[in-house]
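Engineer: Before I ask anything, let me first share the structure, which is written out below as structure tokens.
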Amino acid sequence: MIGTDGESSFWIIAMTGKYKGEHFEWTMRPELVAAIEEIDIRNTIQFDMDYFNLTEENIALLSNDIGKKYDGNNKGASIYFDTREKLKYLGRLLSEELELNSVNNYNEKPNKQAGRGKGFVLKEYILAGFIPKKHHKETGDNLFIKLSFWGFDNNKPHFGIDIDVNFSDGKNPFKKLRDLFQQQYWSISLKDFPNNWTDLIDLVKPQFQRMADYIDSYFSKIETSKEMIPYIELLKANKNLILTGAPGTGKTFLAKQIANEIGEWEFVQFHPSFDYTDFVEGLRPLKKDGGELGFELKDGIFKAFCKKALRNFIDSKKSKEELKKEDIVLNNISDFLDKCIDDGDELELSTGNKFTISEYNESHIKVKVPNNAITSDLTLPFNELSQLLLNEYKLNKVKDIREFFNRSHNRQSDSYIFTLYNNSNLRKELKTDSDISTVERKDYVLIIDEINRAEISKVFGELFFSIDSGYRGEKGKVKTQYSNLQDESDVFYDGFYIPENVYIIGTMNDIDRSVESMDFAMRRRFAWKEVTAFERISMWNGQIEDWKEESEKRMIALNNAIEDVQGLSSAYHIGPAYFLKLEKYRDAENPFEQLWENHLKGVIFEYLRGLPNSVEELENLKLAYDLKDDVENI
């Protein structure tokens, strides 16, 4: 074109673009991209401060003044302060490069060293601390990412990055966590230290980012723990909790978060074919060694879970001496039985019958008796043998076993237990070098996902009584449907009960048609808490940051529109968990459109099924999701 001076001039077109859907997308011209890739633009950056001047001579001067009375005119002191200012500059550069918006919240100064009595002296390390500004309110100067030089006092100078705490504040809440934070430590010898700002930033930027990410993760967990407090208090007070709400509100994820805060947990999902034998106990097919098919009584998920919790509950009340003795006895039994199996040792009853050990576990010892006229396979109760050894009971006759366990009759297994108990290899004294600690009582949480999808009364059976929060422990003991088949070695032989340290969390969708199958007797044994879509948006943190703001707008607009549909309510909201699927479509031209077509449309269509104007309503909900209503109303 012709300029005002009459000369030809040209516009330099650096960008090109095109419409993508309703948006215009700019991109840099390919020629310009190629030109930029051929040069390292950062080499042209003018840094505002000279690089570190830690020459061998200066390191020697600094090392010479370490521990001496501080004098501002000393050369070592000048090097110290010059280096510290450059560490602060490095922190600012890293913060800008990583867009962390960090603040310099801690600087070490020459200070009195404990016990030296020399007044102010130069320390053997130089450091500057930084914290992302978003965490500065919580940390003050008590926690920081530390950039430091150290090792001048032993002629092994290093540069390092780690997360550290302020020890001068006696009330610093982070001091007790220092070992945890220090695990992120990274360092490099000064002989391998880069000689310019650009290379140094390249080297340490990933480490600085890793420290910042770790601090983010720490505070995210703290925030999550705070969010969990109301749910934990509700569960602790009632023992049983059901989380209800619209689909996609993250009820299952929330249940796991709550359980993590409380203690150990296990997960089970109910379904229409799930029953009492799956949950409590039942007979299961068993193929014997001879190929015959039989049945054995097997614990269900809940009973096995309660046994684990009860073991912890009982052990937590034992002294260190009791636990040590148990450890010795159990190790002794295991060593003895392992030897019998490995060597094929034959053991002999007082009648002359011989038997061998085939296998064992913490519940049973299985033996083979070739000359037994009735059966060649027998199962012995492991705990009876261990109880006799723990009590150091003197057995002179087989019937002494019956008297010890206060039984009215002898059992076939007694003769075998008598033989094992009096074996000299088993009765030898053992010493243990293991350091036995007392057992800390833990809480155990069973998460039942979609609890309403099974027929609750058939799954829980007689446990309707025991599950009540007022009947935890032995006072809630009941006889189960298979109690007559129970082995005397079973901890619940006299009746099943739910230990005091067991909690239950159930989840269910409000709109699930099977909700009605949950009867009132079961309902009143649980506390109920609705989980709304909006209060669970926190699940997006660190997951869909690129779409977080738009996701919130679309979800709110869609849910408001759903409530306007006659016959629908907040129970039909679309929860934030659905929007986590956006990550699957990161490379798509329109991830939100993919989310609608592949995940939301089908769910909402089911909501509208049977309504006379379902097609029109679906179109209106799509407009709301696309934020079209907002545009038209501006």
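The values are calculated or read from the model by the stated rules, or taken from the named source; none is laboratory data. Computed from a prediction, not measured in an experiment: that's the story for all the values here. Cβ atoms come from the backbone with ideal geometry, glycine included; neighbour counts cover every protein chain shown. Accessible surface areas use protein heavy atoms only, side chains included; no ligands, DNA or RNA. Shrake-Rupley method; radii C 1.70, N 1.55, O 1.52, S 1.80 Å.
Engineer: Each residue of the stretch 579-594 in turn: what ³J(HN,Hα) in whole Hz from Karplus with 6.51, -1.76, 1.60 and θ = phi - 60°, glycine and Pro shown as x?
Structural biologist: Rounded to whole hertz, the list is 6, 5, 6, 4, 4, 5, 10, 4, 8, 6, 5, 9, x, 5, 5, 5.
Engineer: Another question about this same structure. Taking 7 Å along the Cα-to-C-beta vector as the label spot, tell me the E266-N196 distance in nanometres, rounded to one decimal.
Structural biologist: Inter-label distance under the simple model: 6.3 nm.
Engineer: With each run of n ≥ 4 DSSP H residues scored as -39500 (n - 2.57), what mean residue ellipticity at 222 nm is computed for the chain after dividing by its residue count and rounding to the nearest 500 deg cm²/dmol?
Structural biologist: Roughly -11500 deg cm²/dmol at 222 nm, from the helical runs in the chain.
Engineer: Once you have the Cα-Cα distance between R210 and K475, take 0.36 nm times their residue separation minus that, and quote the gain in nm to one decimal.
Structural biologist: Once the chain is fully extended between R210 and K475, it gains 90.2 nm.
Engineer: Can you give me the long-range amide H partners of G245? Hydrogens built in the peptide plane at 1.01 Å from N, cutoff under 5 Å, separation of 5 or more residues or another chain.
Structural biologist: For G245, whose amide H was placed from the backbone, the distant partners under 5 Å are M508, D510, V531.
Engineer: Now for a different question. Determine ³J(HN,Hα), in whole Hz, for all residues of the stretch 556-573 in sequence, where each value follows from phi through the Karplus function 6.51 cos²θ - 1.76 cosθ + 1.60 and θ = phi - 60°; x replaces Gly and Pro.
Structural biologist: With the stated coefficients, the stretch 556-573 comes to 5, 4, 5, 5, 5, 5, 4, 5, 7, 7, 4, x, 9, 8, 5, 5, 9, 4 Hz.
Engineer: Eigenvalues of the Cα gyration tensor times 5, then square-rooted: what semi-axes does that give for the chain, in whole angstrom, largest first?
Structural biologist: 62, 44, 23
Engineer: I would also like to ask the following. Where Rh denotes the Kirkwood radius from the mean inverse Cα pair distance, what is Rg over Rh for the stretch 564-612?
Structural biologist: Using only Cα positions, Rg/Rh for the stretch 564-612 is 1.05.
Engineer: Can you list residues from other chains, or at least 5 along the same chain, whose modelled amide H is less than 5 Å from the amide H of L380?
Structural biologist: Placed amide hydrogens put I365, K366, V367 under 5 Å from L380.
Engineer: Output needed: percent of Cα pairs per 10 Å distance bin for the stretch 535-634, bins running from 0 to the one holding the longest distance.
Structural biologist: 15, 49, 31, 5, 0
Engineer: Through the Karplus equation 6.51 cos²θ - 1.76 cosθ + 1.60, θ set to phi - 60°, convert the phi angles of the stretch 329-343 into ³J(HN,Hα) values in whole Hz; use x for Gly and Pro.
Structural biologist: Computed from phi, the couplings for the stretch 329-343 are 5, 5, 5, 5, 4, 4, 4, 5, 5, 4, 5, 4, 6, 5, 8 Hz.
Engineer: Note the angle between two axes, namely the Cα long axis of helix 301-315 and the longest principal axis of the Cα atoms of the chain, as a number of degrees from 0 to 90, rounded to the nearest 10.
Structural biologist: Relative to the chain, helix 301-315 is tipped by roughly 90 degrees.
Engineer: Then there is this: Computing the accessible area with a 1.4 Å probe over protein heavy atoms, can you report the carbon and sulfur percentage for the chain?
Structural biologist: 47 percent
Engineer: Between helix 56-65 and the chain, what is the angle of the helix's C-alpha long axis to the longest principal axis, kept within 0 to 90° and rounded to the nearest 10?
Structural biologist: Approximately 70 degrees, to the nearest 10.
Engineer: Rounded to the nearest 0.05, what FRET efficiency do Q412 and E440 give with R0 = 56 Å and r taken as the Cβ-Cβ distance? Could you check?
Structural biologist: About 0.90, to the nearest 0.05.
Engineer: Just subtract the alpha-carbon distance of I222 and T375 from 0.36 nm times their residue separation and send over the number in nm, one decimal.
Structural biologist: Here the answer is 49.0 nm.
Engineer: Using a Förster distance of 60 angstrom, determine the FRET efficiency expected from the C-beta separation of D335 and T16, and round it to 0.05.
Structural biologist: 0.15
Engineer: What is the angle, in °, between the Cα long axis of helix 614-625 and the longest principal axis of the Cα atoms in the chain? Nearest 10 is fine, range 0 to 90.
Structural biologist: 50 degrees
Engineer: Spin-label point model (7 Å from Cα, Cβ direction): what's the E348 to N154 distance in nm?
Structural biologist: So the label points at E348 and N154 sit 6.7 nm apart.
Engineer: Sort the following peptides by mean Cβ neighbour count (other Cβ atoms within 10 Å, averaged over residues), highest first: 445-455, 392-402.
Structural biologist: Most protected by this proxy first, the peptides run 445-455, 392-402.
Engineer: Can you give the FRET efficiency for N423 and K317, using 1/(1 + (r/R0)^6), R0 = 30 Å, r = Cβ-Cβ distance, to the nearest 0.05?
Structural biologist: About 0.45, to the nearest 0.05.
Engineer: With a 1.4 Å probe and all protein chains left in place, how much accessible area per residue does the chain have, in Å²?
Structural biologist: Spelled out: the 1.4 Å probe surface of the chain, per residue, equals 56 Å².
Engineer: Continuing with this model, one more query. How far apart, in nm, are the 7 Å Cα→Cβ label points at I66 and E552?
Structural biologist: So the label points at I66 and E552 sit 4.9 nm apart.
Engineer: Let me ask you something else. Once fully extended, how much extra length lies between F605 and N560, figured as 0.36 nm per residue of separation less the alpha-carbon to alpha-carbon distance?
Structural biologist: 14.5 nm
Engineer: To continue, here is another question. Provide Rg over Rh for the stretch 187-229; use the alpha carbon set for both Rg and the Kirkwood Rh (inverse mean inverse pair distance).
Structural biologist: 1.30
Engineer: If you don't mind, another one. So, in Å, what gap is there between the alpha-carbon centers of the stretch 339-367 and the stretch 186-218?
Structural biologist: The stretch 339-367 and the stretch 186-218 have Cα centres separated by 62 Å.
Engineer: Would you please give the residues with an amide H less than 5 Å from that of W265, counting only those at least 5 places away or on a separate chain, with H modeled from the backbone geometry?
Structural biologist: V445
Engineer: Right, another one. Could you please tell me the mean projected area of the C-alpha convex hull for the stretch 361-516, averaged over all directions and given in square nanometres to one decimal?
Structural biologist: Mean projected area for the stretch 361-516: 14.4 nm², to one decimal.
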